[in-house]
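J.: Structure below; questions to follow.
The values are calculated or read from the model by the stated rules, or taken from the named source; none is laboratory data. It should be emphasised that the depicted structure is a prediction, and the values quoted were computed from it without experimental measurement. Using ideal geometry, Cβ is built from the backbone for each residue, glycine included, and neighbour counts are taken over all protein chains shown.
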Amino acid sequence: MNFEMTPRQKHVYDTVGALGRERFAPRAAKHDVEASTPLENLRDLYDAGLLGLTISEDLGGMGSGTAGKDPLLYLLAVEQTSRSCMSTGHCVHIHCHGAHYIDKVGTPSQREKILGGVIKHGHLLNATGSEPGRTARGLYSLVTTAEPVQGGYRVNGLKNYASLGDDVEYNLIFAGIKDRALPDGHVGLLIPRGAPGLTSLPGSWNPIGMRGSTSPSLKLDNCFVSDEQVLGAPGIYPRERWQAKFHLGFAAQYLGGSEGIFDLLVEYLPKRGTASDPYAQMRMGEIRIGIDSVRWLVYRAAWLWSQGDMQQAELFSMTAKHRAIENAVLTMDRAAQIAGSSSFWADSAMSRFFRDMRIQTLHENLDKTAATLGKFHLGQPFDTTTRL
Ligand SMILES: Cc1cc2nc3c(=O)[nH]c(=O)nc-3n(C[C@H](O)[C@H](O)[C@H](O)COP(=O)(O)OP(=O)(O)OC[C@H]3O[C@@H](n4cnc5c(N)ncnc54)[C@H](O)[C@@H]3O)c2cc1C
């Protein structure tokens, strides 16, 4: 067992931490008010050489990602970004996931063209499966339909929560192939910016939290997608359980957000005059213990991805994510008890972290996660991609 970061991991942790403190934190309120994408933060990450974290080294990336050589590397960037701005943290997570999927599943020319654009020009990517009503229908049961036509597919439907949807070079969306059963009826499509038939719906993004991770609804109206823009063989996303490779990116956000709340308390309690109060001290200790325990679950889960046993990596990632959410909720409760009402003015950083955390933790159904782990231990059939 080795609990030390490698020099490269430490470099990413420190670089993103400094960017977060000096640049992302001061910009966070503006993007929260406007519900606008923190593009300058993403450009800062590009300038620091960090938009290719989950792209393979042969293309000039850093080889991270759950299916990459150094799974922890990108998670450190997500964690440290979320520590100052949870919305930017989600943008980094979704960009890294989209890039990683294209890297591992794309054709050589898709990899070169699209991932080359990330490395050379700072292009952004995403991945959108979400659709209205999907929670009830199930993760892969998509009503956005890709109808096979000469040379490609004609796509019709509505996607929602398309993070970075207005800012990416290619929207990676998932659709159901007309009249084809799952899993082979599930397909990934790369839709270029400005494609005829693709519209981002104005006013479709106005949540109470995570406002900077702008995630509009996208309408697809007879949108033609050529064979060259089809990503991977039909069914590959469910069959290779790519959704399970998503868990840790969320866990890193909850960890980073909890650290962000802790940072605010360290700064605020002395100003409030309560740093010597025994109860404030005790709560700070409790919060610290929670954060550090989550950190090692997340880091161990990342390590498991490099050990070759995918099932264990998936299950332990769910463990880390579950614990990260429970701890985030506890952190908020404990922080509120010692911060007091004055730190919760509507435009305060503390309020923003609380709103962001409340919305972002809805990515998981804790009960279903726990039940999945229970099924495994009881020898029952289970699915690590069960999510909501
Ligand atoms: C900050 C944030 C960022 C996100 N980013 C992404 C992302 O990048 N990619 C991604 O794939 N997902 C993303 N998601 C979405 C997430 O994965 C879930 O899909 C989403 O949170 C599900 O919300 P829900 O359970 O309320 O929706 P659901 O319960 O699935 O749907 C509720 C909505 O659907 C409508 N509805 C229900 N049934 C029907 C029907 N039959 N026909 C039409 N409308 C219907 C309801 O009126 C309501 O508007 C993001 C979510 C958040 C909060």
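J.: Closer than 23 Å to Gly374 by Cα and part of a helix (DSSP H, G or I): does that describe Arg334?
T.: No; evaluated as a whole, the condition is false for this residue.
J.: In region 95-112, how many are of a type outside the set (Lys, Arg) and either surrounded by fewer than 24 Cβ atoms within 10 Å (Cβ to Cβ) or touching a Lys or Arg at 6+ places or on another chain (Cβ under 8 Å) (or both)?
T.: Of the residues in region 95-112, 11 are of a type outside the set (Lys, Arg) and either surrounded by fewer than 24 Cβ atoms within 10 Å (Cβ to Cβ) or touching a Lys or Arg at 6+ places or on another chain (Cβ under 8 Å) (or both).
J.: Would you mind stating whether Gln380 is loosely packed, with under 14 Cβ neighbours inside 10 Å, at pLDDT 95 or above and over 30 Å from Pro270 (Cα atoms)?
T.: Yes: the conditions hold for Gln380.
J.: If I filter region 1-21 down to residues being out of contact with any Ser or Thr (no Cβ under 9 Å at 6 or more places or on another chain) and over 21 Å from Trp303 (Cα atoms), which single residue comes out as surrounded by the most Cβ atoms within 10 Å (Cβ to Cβ)?
T.: So the residue we want is Thr15.
J.: Regarding region 166-188, can at least one residue be identified that is without any contact (Cβ under 8 Å) to a residue 24 or more places away in the chain, more than 30 Å from Glu57 (Cα to Cα) and under 22 Å from the mean Cα position of the chain (by Cα)?
T.: So far as region 166-188 goes, no, none of its residues is without any contact (Cβ under 8 Å) to a residue 24 or more places away in the chain, more than 30 Å from Glu57 (Cα to Cα) and under 22 Å from the mean Cα position of the chain (by Cα).
J.: Can I ask one more? Going through Tyr268, Tyr254, Tyr237, Tyr161 one at a time, which residue ends up being within 14 Å of the ligand (Cβ to nearest atom), aromatic (Phe, Trp, Tyr) and either part of a strand (DSSP E or B) or within 29 Å of Ser293 (Cβ to Cβ) (or both)?
T.: Going through Tyr268, Tyr254, Tyr237, Tyr161 in turn, just one is within 14 Å of the ligand (Cβ to nearest atom), aromatic (Phe, Trp, Tyr) and either part of a strand (DSSP E or B) or within 29 Å of Ser293 (Cβ to Cβ) (or both): Tyr254.
J.: Still on this model: Could you please let me know if Leu115 is in contact (Cβ under 8 Å) with a residue 12 or more places away in the chain, crowded, with 19+ Cβ neighbours inside 10 Å and either within 7 Å of the ligand (Cβ to nearest atom) or part of a helix (DSSP H, G or I) (or both)?
T.: Judged against the criteria, Leu115 is a match.
J.: How many residues does region 348-377 hold that are surrounded by fewer than 13 Cβ atoms within 10 Å (Cβ to Cβ) and at pLDDT 95 or above?
T.: Residues flagged as surrounded by fewer than 13 Cβ atoms within 10 Å (Cβ to Cβ) and at pLDDT 95 or above within region 348-377 amount to 2.
J.: Would you point out the residue of region 148-158, among those that are within 21 Å of Pro216 (Cβ to Cβ) and among the aliphatic types (A, V, I, L, M), that is nearest to the ligand (Cβ to nearest atom)?
T.: Leu158
J.: Sort out which residues of region 164-185 are away from the ligand (no atom under 13 Å from the Cβ) and either touching a Ser or Thr at 6+ places or on another chain (Cβ under 7 Å) or farther than 30 Å from Arg355 by Cα (or both), and write them in order of number.
T.: Across region 164-185, the qualifying residues are Gly176, Ile177, Lys178, Asp179, Arg180, Ala181, Leu182, Pro183, Asp184, Gly185.
J.: Does Ala195 fit the bill of being away from the ligand (no atom under 12 Å from the Cβ), under 27 Å from Leu115 (Cβ atoms) and either assigned to a strand (DSSP E or B) or without any contact (Cβ under 8 Å) to a residue 60 or more places away in the chain (or both)?
T.: yes
J.: Would a scan of region 157-166 turn up a residue that is assigned by TED's automatic domain parsing to the domain that holds Thr144 and in contact with a Gly (Cβ under 6 Å, 6 or more places away or on another chain)?
T.: Within region 157-166, not a single residue is assigned by TED's automatic domain parsing to the domain that holds Thr144 and in contact with a Gly (Cβ under 6 Å, 6 or more places away or on another chain).
J.: I've got another one for you. Does Ile291 satisfy the condition of being at pLDDT 95 or above, within 17 Å of the chain's Cα centre (by Cα) and not in a loop (DSSP other than H, G, I, E, B)?
T.: No.
J.: Further, regarding this structure: Can you tell me which condition Asp347 does not meet? The list is (1) in a loop (DSSP other than H, G, I, E, B); (2) within 25 Å of Leu75 (Cβ to Cβ), and all the others hold.
T.: The number of the failed condition is (2).
J.: Considering only region 118-140, state which residues are more than 16 Å from the ligand (Cβ to nearest atom), part of a helix (DSSP H, G or I) and surrounded by fewer than 24 Cβ atoms within 10 Å (Cβ to Cβ).
T.: Ile119, Lys120, His121
Residue-wise test of (1) in a loop (DSSP other than H, G, I, E, B); (2) surrounded by fewer than 22 Cβ atoms within 10 Å (Cβ to Cβ); (3) within 14 Å of the chain's Cα centre (by Cα).
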{"residue": "Leu45", "(1), (2), (3)": "no, no, no"}
{"residue": "Leu53", "(1), (2), (3)": "yes, no, yes"}
{"residue": "Asp58", "(1), (2), (3)": "no, yes, no"}
{"residue": "Met62", "(1), (2), (3)": "yes, no, no"}
{"residue": "Thr66", "(1), (2), (3)": "yes, no, yes"}
{"residue": "Tyr74", "(1), (2), (3)": "no, no, yes"}
{"residue": "Val78", "(1), (2), (3)": "no, no, yes"}
{"residue": "Ser87", "(1), (2), (3)": "no, no, yes"}
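J.: Same structure, new question: Just one of (1) more than 9 Å from the ligand (Cβ to nearest atom); (2) closer than 17 Å to Tyr237 by Cα; (3) crowded, with 22+ Cβ neighbours inside 10 Å; (4) not aliphatic (A, V, I, L, M) trips up Thr145, so point out which.
T.: Only one criterion is unmet by Thr145, namely (3).
J.: Working only within region 356-388, note down all residues that are within 14 Å of Leu315 (Cα to Cα), in a helix (DSSP H, G or I) and within 16 Å of the ligand (Cβ to nearest atom).
T.: Within region 356-388, Leu366, Lys368, Thr369 qualify.
J.: A further question on this structure: Quick one: is Leu142 in contact (Cβ under 8 Å) with a residue 60 or more places away in the chain and either assigned by TED's automatic domain parsing to the domain that holds Asn206 or out of contact with any helix residue (DSSP H, G or I) (no Cβ under 9 Å at 6 or more places or on another chain) (or both)?
T.: no
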